[in-house]
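Reviewing the structure listed below.
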Amino acid sequence: MNTCIVPVDFSDATAPLVEFACQFTKEHSIHVVLVHVAEPIIAPVPSMAATEAFYGTAEVTAPLPIDERAERHQLDKLRREFEHAGVSCESHLLLGLAVDEIVQIAAEKKADLIIMASHGRGALYHLFAGSAVTGVLKHTPCPVLVVPVKKK
């Protein structure tokens, strides 16, 4: 095993995931590709405009800008944690849909493994919102190690 993708979302699940991934990748001498995907947020559209957008007569608004500098800073801080633990690590800030970007970078980097956090949300949440873990599991070219992280 040579390369591992570790996607982070800067939620409460990030610290336990990074702690586990640091230990695991150090023990197995695996290079880490740390990834944060900034998903585009579309500005709310008034209900009449939304109806028109559905039928193709309204103009769709552009995604709201992300705070790239702040997200890069958080990502660099996590990368330094891996490096401080003696793990070879690179980091990537990507813009797009999380599942698509994680699967794509795993293929590009020829990853042997993806280590992801499961937030421990219930079945009802996953029914309506889905899950990045589920999406990655369906489309990834490599094994996925899921670290369960529940709020205390």
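Figures for the structure shown
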item	result
Subset tally (residues that are without any contact (Cβ under 8 Å) to a residue 60 or more places away in the chain and surrounded by 13 or more Cβ atoms within 10 Å (Cβ to Cβ)) for the stretch 65-75	2
Matching entry among Val35, Val6 (being modelled with pLDDT of 95 or more, in contact with a Pro (Cβ under 6 Å, 6 or more places away or on another chain) and closer than 19 Å to Asp100 by Cβ)	Val35
Any hit, the stretch 10-30, residues being part of a strand (DSSP E or B), in contact with a strand residue (DSSP E or B) (Cβ under 7 Å, 6 or more places away or on another chain) and within 15 Å of Glu83 (Cβ to Cβ)	no
First in the stretch 95-116 and within 25 Å of Arg69 (Cβ to Cβ) and of a type outside the set (Phe, Trp, Tyr), second anywhere and part of a loop (DSSP other than H, G, I, E, B) and modelled with pLDDT of 95 or more, Cβ under 9 Å, 6 or more apart	Ile105/Ala111
Gly135 under 18 Å from Ala38 (Cβ atoms) and modelled with pLDDT under 90	yes
The stretch 79-108, residues that are closer than 15 Å to Asp9 by Cα and not acidic (Asp, Glu)	Arg79, Ser91, His92, Leu93, Leu94, Leu95, Gly96, Leu97, Ala98, Val99, Ile102
Output for the stretch 132-148, where each listed residue is out of contact with any Phe, Trp or Tyr (no Cβ under 9 Å at 6 or more places or on another chain) and either surrounded by 15 or more Cβ atoms within 10 Å (Cβ to Cβ) or assigned to a strand (DSSP E or B) (or both)	Ala132, Val133, Gly135, Val136, Leu137, Thr140, Cys142, Val144, Val146, Pro148
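Listed here are the residues, each with its yes/no results for (1) at pLDDT 85 or above; (2) touching a helix residue (DSSP H, G or I) at 6+ places or on another chain (Cβ under 7 Å); (3) in a loop (DSSP other than H, G, I, E, B).
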position	(1), (2), (3)
Val45	no, yes, yes
Thr51	no, no, no
Ile66	no, no, yes
Glu81	yes, yes, no
Val87	yes, yes, yes
Leu93	yes, yes, no
Ile102	yes, yes, no
Ile105	yes, no, no
Met116	yes, yes, no
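The values are calculated or read from the model by the stated rules, or taken from the named source; none is laboratory data. Just so you know, these numbers come straight off a predicted model, no measurement behind them. Heads up, the Cβs are rebuilt from the backbone with ideal geometry, glycines too, and the neighbour counts pull from every protein chain shown.
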